[in-house]
Each structure stands twice: as C-alpha cells, then as structure tokens.
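The values are calculated or read from the model by the stated rules, or taken from the named source; none is laboratory data. Since this is a predicted model, take the numbers as computed values, not measurements. Because the Cβ atoms are built from the backbone with ideal geometry, glycine has one as well, and the counts that use them run over all protein chains shown. Side chains included, ligands, DNA and RNA excluded: accessible areas come from the protein's heavy atoms. Shrake-Rupley method; radii C 1.70, N 1.55, O 1.52, S 1.80 Å.
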Amino acid sequence: QNYNHTFQLELPGGWRQIAPNEALLLSESDNAPPDIYPNDPRRLYTVGPIDEWLDGKLGGPWLRMIERKDAWYIDDDYAATLREHWQQESDSTGISHTIADVQLEKLGRQQVECIVLTRNTAYPEPRGATRSLDVHAPTANQQLTFSFGCPQEQFAQWQPEFRRWLETLTFARVSESPATLSDRLWTPLLVGGAVGLVLLLLYKHTRTRR
C-alpha cells in the first residue's frame, strides 16, 4: 500500500518505496533506474528492491509512480496526442521516447478502464535503453501513473510479471465511468523531469479543445 493509501499492489518480496536520500545516492549511478531522482514520497517516487540496489545489485525491473490530484480531459485522439507530446519531449531533451500499443484496458480487481502503452527510451551513453509498460489510471479525484520499467533487453522476460502484478491492483476509491471518451480523466506521462513540460503541453492542448 502506498503512503497516500490510494491503492494497493502486490509486488515481489523485498520491494519497497525508495526514500529521498536513497534516491539521491542512487541517482549517481548510470546502472540505477532512470529518473530515480527527484523523489517526493507522496507524489513522485520509485519502488523496487531498494536494499539490493544500495548493495550494488542493479539492472532489474522497477516501478516509477506519479500521483496527482489534477484531472486531464482529452478527446478520442488521445493516442495521437500522446505520440505528439512524447515526440516534443524527445526533441527538447535529446532523450528519445517512442511509444506503441496505446489502448484502453480494464485493469485490476475493480476492472478500472485505464490508458496503457509501451514506451522505449534511449539515453545518451553510457546509460542503456529502457522499455516500460505505462498505465494511466483515473481514480476518484486523483490520477495515478504506474510505469513498470526494465532494461530494454529484459522487457520480454518481465512484461508477463508486470501484467500479473497489475491483476492485484486495488484502488481505495474508483471514479464514476464517464459517458464518453472525451470526458475521461487522464494523467501526465511519467518520466522524471519531463513531467512539468508534458503537463504544460497537455494543459494547453485540452484548454484549446474545450
């Protein structure tokens, strides 16, 4: 269960939420999960086998989380909107993001409809490429993004596990189902420092659509 008590998720034994000082320490390693810092225990944080990472055993999967009270409304072209914004993020940072398999899925024990996609990220050397399964979930008065990531070459191995963990997902409160896709709630993409930029882009996009 997370600090805000907004959801529960069954993860492997030994996994826990990272502390801010641990995130700062691990951020100095190119083998640590990307975007592990900055860290906010109630808003933006990484979950994983933290004690193993601190012992130098890096290179496996992780979960990056973002929790926001903001709600974003987008139209039926959400997949195109996501691709456009990630392309802009790639152009502005030099870190390449490519998304695929964007779709709506009902997930967790409550079968909440979420936006699901896979994301490939290529960093400048020496950091290796990563791949993640990103889930943007609407809950009552809050948006949650779950980004299950790992080194790119390990994704085929870990994706079934990511899916199995998602089957255990339980939200403390579930939002009412909107009448149309245009009314659905959406949360910003999760990738460390990119959050602020994507938020601004989405805000401008959705404001002009209304």
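The residues of segment 117-158 that are surrounded by 15 or more Cβ atoms within 10 Å (Cβ to Cβ), in a loop (DSSP other than H, G, I, E, B) and charged (D, E, K, R) amount to a single one, 127. Note on segment 18-56: among residues that are touching a strand residue (DSSP E or B) at 6+ places or on another chain (Cβ under 8 Å) and of a type in the set (A, V, I, L, M), the one that is farthest from residue 142 (Cα to Cα) is 50. With the requirement that a residue be hydrophobic (A, V, I, L, M, F, W, C) and at pLDDT 90 or above, what does segment 70-102 give you? Hits for segment 70-102 are 95, 99, 100, 102. In segment 16-26, of all residues being closer than 19 Å to residue 127 by Cα and open to solvent by 50 Å² or more (accessible area, probe 1.4 Å), the one that is farthest from the chain's Cα centre (by Cα) corresponds to 25. Entry remark, segment 1-11: residues being of a type in the set (Phe, Trp, Tyr) and either part of a helix (DSSP H, G or I) or open to solvent by less than 90 Å² (accessible area, probe 1.4 Å) (or both) number 1 in total. Filtered by the rule that a residue be over 13 Å from the mean Cα position of the chain (by Cα), surrounded by 14 or more Cβ atoms within 10 Å (Cβ to Cβ) and modelled with pLDDT under 95, segment 34-54 gives 37, 38, 39, 41.
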